[in-house]
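Reviewing the structure listed below.
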Amino acid sequence: MSYHSTEPILTEGFITDFLLKLSNEVYDLRVRRGEFDDFHKKREQWNDTLKGLGRPAMERYDNLVTPAFVAYQEVLENYLIRQGILQTIHSRLQGQAAEVDPEEIAIPGLPEAAARLAAACADFVGGLEDEAAARCAAYLKLRRESIDTGRGLCWRCGADLAEGLLA
């Protein structure tokens, strides 16, 4: 079978959808961990507080903070999932086990995404009254920590996929 097309076999849309699917797998793994229960409770409390602040605050949160979190998480997860796949395949081709600490991997674009996230959070929190600002800041910190603690899960998800493909 020959392939002579100038088009890529896997489109960018397919790859994006595939990474989203793996990101959902990581989310499912996160949910099964004990610390997710605490995060879930704090998220519900924050959602109640946010609703109490009114529609303009909710819209501002959705337009400012949520996209910054999505962008941050996307950069982190997509890179680590890819690295889990690539490093596992490379290690297997070399006849070695992949020895990687996902916590130590420098992620291109993450410092910039982190700066945008911090700015969006500071901007939003800065417009709140003291008690709501404190609750919001605590929740946003926990939300970011939840994403950051998933580094190993993202890498492992990619590595498991690679292992399955190579089996």
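The values are calculated or read from the model by the stated rules, or taken from the named source; none is laboratory data. Since this is a predicted model, take the numbers as computed values, not measurements. No Cβ is skipped: glycine too gets one built from the backbone with ideal geometry, and neighbour counts run over all protein chains shown. The area values use the complete protein model at the heavy-atom level, side chains included, leaving out ligands, DNA and RNA. Shrake-Rupley method; radii C 1.70, N 1.55, O 1.52, S 1.80 Å.
In a fully extended conformation the segment linking ARG43 and LEU29 would gain 3.2 nm over its present Cα-Cα distance, using 0.36 nm per residue. In the chain, the portion of solvent-accessible area held by carbon and sulfur atoms comes to 55 percent [1.4 Å probe, whole percent, DNA, RNA and ligands not counted].
Think of a 1.4 Å ball rolled over the protein heavy atoms: region 1-156 then has 64 Å² of accessible area per residue.
Take the Cβ-Cβ distance between GLN96 and THR6 as r, set R0 to 25 Å, and report the resulting FRET efficiency rounded to the nearest 0.05.
With R0 = 25 Å, the Cβ-Cβ based efficiency is 0.10.
Short-range pairs are left out: with C-alpha atoms under 8 Å and at least six residues apart, the relative contact order of region 84-167 is 60 percent. Counting only lysines at least 8 places from LYS51 when in the same chain, those with an alpha carbon closer than 27 Å to its own are LYS41, LYS42, LYS141. Its residue count N sets the reference 2.2 N^0.38 Å, and the alpha-carbon radius of gyration of the chain equals 1.24 times that reference.
For the pair region 104-154 and region 51-70, the centres of their Cα atoms are 14 angstrom apart.
Between the beta carbons of GLU129 and LEU20, assuming R0 = 30 Å, the FRET efficiency works out to 0.25 to the nearest 0.05.
By the equivalent-ellipsoid construction on the alpha carbon gyration tensor, region 92-163 comes out with semi-axes of 36, 12, 8 Å, ordered largest to smallest. Here the Karplus curve 6.51 cos²θ - 1.76 cosθ + 1.60, taken at θ = phi - 60°, turns the phi angles of region 35-52 into couplings of 5, 5, 4, 5, 4, 4, 4, 5, 5, 4, 4, 5, 4, 5, 5, 4, 4, x Hz, with x standing for Gly and Pro.
Note down the net charge around THR66, summing +1 for each Lys or Arg and -1 for each Asp or Glu among other residues with Cβ under 14 Å from its Cβ. That sum, taken over residues with Cβ under 14 Å, equals +1.
Straightening the chain between LEU53 and GLU145 buys 30.7 nm, computed as 0.36 nm per residue apart minus the Cα-Cα spacing.
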